[in-house]
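Inspection log for the structure reproduced underneath, given as structure tokens.
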Amino acid sequence: MRLVLATRNEHKVRELEAMLDGVEVVALPADVRLPPETGATFAANALVKARKAARATGEAAVADDSGIEAAALGGAPGVRSARYAGEHATDAENLAKLIAEVPPGSALAYVCVIALADPSAGRERTFEGRCTGTMAAAPRGAGGFGYDPVFIPDDRDDGLTMAEIGAAEKAAISHRGRAARALLAALRA
């Protein structure tokens with residue numbers, strides 16, 4: 001099976017292909033423009049991108065949207081995670097804002113929704129993955145990206161942040177890994 005991933009980021013293509021054993025994942029052609037992520041939910045943002053990629057290519061397409069939810073902020077930043085500190089904020093600026101607003105030990109959740117739009121089968125589906133955790137007292141670790149240095153996953157009992165664990169360990173418990181495994185199970189069904 002072949003899927004078009006609604007991105008031109010080769011790192012994301014390789015990462016998803018590694019998670020979807022036996023599925024060929026290809027990048028979106030350069031001439032296809034994706035719509036802005038203006039949805040109120042991760043699913044809405046992922047679906048609009050997957051639909052656009054499927055219509056433009058005529059092939060089954062997938063897209064994802066993901067972010068972090070802080071219980072202390074009523075679920076924010078949520079779909080605005082990449083723009084939390086402003087429209088063109090860096091990962092460091094977004095992380096600094098979260099640290100300033102969320103107390104250590106507060107509940108966090110990473111959420112990822114992968115949308116599948118398959119024009120030949122006339123179907124659309126979404127697959128959600130969640131990874132719960134808590135806010136670290138201070139950023140730790142050099143791996144990962146985004147909010148990983150302050151995210152201590154509940155799935156581990158060693159207190160390490162997502163930025164302190166290896167890529168394979170992270171994929172096994174991450175929100176994106178869980179959503180990808182749900183997609184793969186549906187593709188094989």
Item to check | SER106 long-range amide H proximity, modeled H, under 5 Å | outcome: MET135
Checklist entry - Which GluC sites (Glu not before Pro) does the stretch 1-60 hold that lie in a coil by DSSP with at most 16 other beta carbons within 10 Å? => result GLU59
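Starting from the stretch 61-124, pick out the GluC sites (Glu not before Pro) whose DSSP state is loop and whose Cβ has at most 12 other Cβ atoms within 10 Å. Spell out each step's value before the answer.
On the way: sites: GLU69, GLU87, GLU93, GLU101, GLU124; in loops: GLU87.
Here the sparse-neighbourhood loop sites are GLU87.
Compute, for the stretch 2-188, the length of the dipole vector about the Cα centre, with Cβ point charges of +1 (Lys, Arg) and -1 (Asp, Glu) only. Units Debye, rounded to 20. Write down the numbers at each step before the final one.
Values: 22 positive and 25 negative charges, 118 e Å.
The dipole of the stretch 2-188 has a size of about 560 debye.
Which of LYS97, LYS49, LYS170 comes first, and how do the rest follow, when ranked by fewest Cβ neighbours within 10 Å? Working shown, then result.
Numbers: LYS97 15, LYS49 25, LYS170 19.
Ascending number of Cβ neighbours within 10 Å: LYS97, LYS170, LYS49.
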Checklist entry - Mind listing which chymotrypsin sites (Phe, Trp or Tyr not before Pro) in the stretch 36-134 are in a DSSP loop and have 12 or fewer other Cβ atoms within 10 Å? => result none
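Taking the Cα centre of the stretch 88-157 as origin, work out the dipole magnitude from +1 charges on Lys and Arg Cβ and -1 charges on Asp and Glu Cβ, in debye rounded to 20. It would help to have the intermediate numbers written out before the result.
Numbers: 6 positive and 10 negative charges, 6 e Å.
For this selection, approximately 20 debye.
Each reported figure results from applying straightforward, stated rules to the coordinates on display, with no laboratory input. Fair warning: this is a prediction, and the values are worked out from it, not measured in the lab. When we count neighbours, we look across all protein chains shown, and the Cβ atoms used for this are built from the backbone with ideal geometry, even at glycine.
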